[in-house]
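Participant: Take a look at this one; I'll ask things after.
The values are calculated or read from the model by the stated rules, or taken from the named source; none is laboratory data. What you see is a predicted model; the values in this text were computed from it and never measured. Neighbour counts are summed over all protein chains in view; Cβ atoms, including those assigned to glycine, are modelled from backbone coordinates with ideal geometry.
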Amino acid sequence: MIKTKEIISLEEVKLLVDFFYGKVRKDPLLADIFNEVIQDNWPNHLEKMYRFWQTVLLKEHTYQGSPFAPHAKLPVDAKHFDRWKQLFFETIDENFSGDKAAEAKFRATKMAEMFQLKIEYFQNNKSI
């Protein structure tokens, strides 16, 4: 069994992001969508995700921007968000423990819910 660790610094945030997106990039449901959008900009995307989760989990405000905007027109629905959350939770459970791990799951759940609702709204109101 792998020993889990607390998320206490940028080092753990980077591990979380790297392990998670490693799964996403190979996932039969998600890989094509992510790779189509990100293409060869994975290093930039990962760097942005490090800053995002560092801000969310460690309260070190290094992320600036609007997290939803790049996702607004993605061809995704509930099954994609369910899989995204499943992979995220697996990554947390396999590698991390403690309050920040629980918070990461909570925050990911809320973010996925919000993104899914907003994307559904945009998909259903294309003429707006």
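Participant: Could you figure out which of (1) modelled with pLDDT under 95; (2) surrounded by 13 or more Cβ atoms within 10 Å (Cβ to Cβ); (3) of a type outside the set (Ser, Thr, Tyr); (4) in a loop (DSSP other than H, G, I, E, B) isn't true of Gln64?
Facilitator: Every listed condition holds for Gln64 apart from (2).
Participant: Among what's in the stretch 69-90 and is loosely packed, with under 12 Cβ neighbours inside 10 Å and under 21 Å from Lys26 (Cα atoms), pick the residue that is modelled with the highest pLDDT.
Facilitator: Of the stretch 69-90, the ones loosely packed, with under 12 Cβ neighbours inside 10 Å are 69, 75, 78-79.
Within this subset, residues satisfying the condition of being under 21 Å from Lys26 (Cα atoms) are 75, 78-79.
Working: Pro75: 79, Ala78: 89, Lys79: 95.
For the stretch 69-90, the residue satisfying everything is Lys79.
Participant: Where residues in the stretch 91-123 are aromatic (Phe, Trp, Tyr) and modelled with pLDDT of 95 or more, which of them is surrounded by the most Cβ atoms within 10 Å (Cβ to Cβ)? Quick ask: steps written out before the conclusion?
Facilitator: Taking the stretch 91-123 first, the residues aromatic (Phe, Trp, Tyr) are 96, 106, 115, 121-122.
In the following step, the residues that additionally are modelled with pLDDT of 95 or more were identified as 96, 106.
Values: Phe96: 20, Phe106: 10.
The selected residue is Phe96.
Participant: Pairs only if they're at least six apart or on different chains, beta carbon under 7 angstrom, first in the stretch 66-95 and under 17 Å from Phe52 (Cα atoms), second of a type in the set (A, V, I, L, M) and modelled with pLDDT under 90; list them, first residue then second.
Facilitator: Matching pairs, first to second residue: His71/Ile119.
Participant: Look at the stretch 1-21 and say how many of its residues are outside any loop (DSSP other than H, G, I, E, B) and either polar (S, T, N, Q) or loosely packed, with under 13 Cβ neighbours inside 10 Å (or both). Break it down stepwise before answering.
Facilitator: Step one: list which residues in the stretch 1-21 are outside any loop (DSSP other than H, G, I, E, B), which gives 5-6, 10-21.
Still in the running and either polar (S, T, N, Q) or loosely packed, with under 13 Cβ neighbours inside 10 Å (or both): 6, 11.
Total meeting the criteria: 2.
Participant: Please enumerate the residues belonging to the stretch 93-128 that are more than 18 Å from Ala78 (Cα to Cα), in a helix (DSSP H, G or I) and not small (Gly, Ala, Ser). Spell out the reasoning first.
Facilitator: Pass one, the stretch 93-128, residues more than 18 Å from Ala78 (Cα to Cα): 93-104, 126-128.
After this cut, where a residue has to be in a helix (DSSP H, G or I) as well, the list is 93-95, 99-104.
Within the stretch 93-128, Asp93, Glu94, Asn95, Asp99, Lys100, Glu103 qualify.
Participant: One residue is enough: does the stretch 46-56 have a residue meeting the conditions of a type in the set (Val, Ile, Thr) and free of Cβ contacts under 8 Å to residues at least 24 places away in the same chain?
Facilitator: The answer is yes, given that some residue of the stretch 46-56 is of a type in the set (Val, Ile, Thr) and free of Cβ contacts under 8 Å to residues at least 24 places away in the same chain.
Participant: The conditions are (1) surrounded by 12 or more Cβ atoms within 10 Å (Cβ to Cβ); (2) part of a loop (DSSP other than H, G, I, E, B); (3) at pLDDT below 95, and Phe34 fails exactly one of them. Which is it?
Facilitator: Looking at each condition in turn, Phe34 falls short on (2).
Participant: Can you tell me which residue in the stretch 1-31 is farthest from Asp93 (Cα to Cα), limited to those that are acidic (Asp, Glu) and over 16 Å from the mean Cα position of the chain (by Cα)? Explain how you work it out, then say what you get.
Facilitator: Going through the stretch 1-31, the residues acidic (Asp, Glu) turn out to be 6, 11-12, 18, 27.
Next, from what is left, pick out any that are over 16 Å from the mean Cα position of the chain (by Cα): 6, 11.
Working: Glu6: 11, Glu11: 17 Å.
Going through the qualifying residues, I end up with Glu11.
Participant: Something else now. Show the residue pairs meeting these rules: Cβ distance below 6 Å; 6+ apart or different chains; first residue within the stretch 101-113 and touching a residue at least 40 places away in the same chain (Cβ under 8 Å) and among the basic types (Lys, Arg); second residue assigned to a helix (DSSP H, G or I) and crowded, with 16+ Cβ neighbours inside 10 Å.
Facilitator: Arg107/Val56
Participant: Please work out which residue is farthest from Leu117 (Cα to Cα), limiting yourself to the stretch 52-61 and to residues that are in contact with a Leu (Cβ under 9 Å, 6 or more places away or on another chain) and surrounded by 15 or more Cβ atoms within 10 Å (Cβ to Cβ). It would help to see each step written out before you state the result.
Facilitator: Taking the stretch 52-61 as the starting set, the residues that turn out to be in contact with a Leu (Cβ under 9 Å, 6 or more places away or on another chain) are 53-54, 57-58, 60.
Subsequent filtering for residues that are surrounded by 15 or more Cβ atoms within 10 Å (Cβ to Cβ) retains 53-54, 57-58.
Details: Trp53: 21, Gln54: 25, Leu57: 23, Leu58: 27 Å.
Per the stated criteria, the residue is Leu58.
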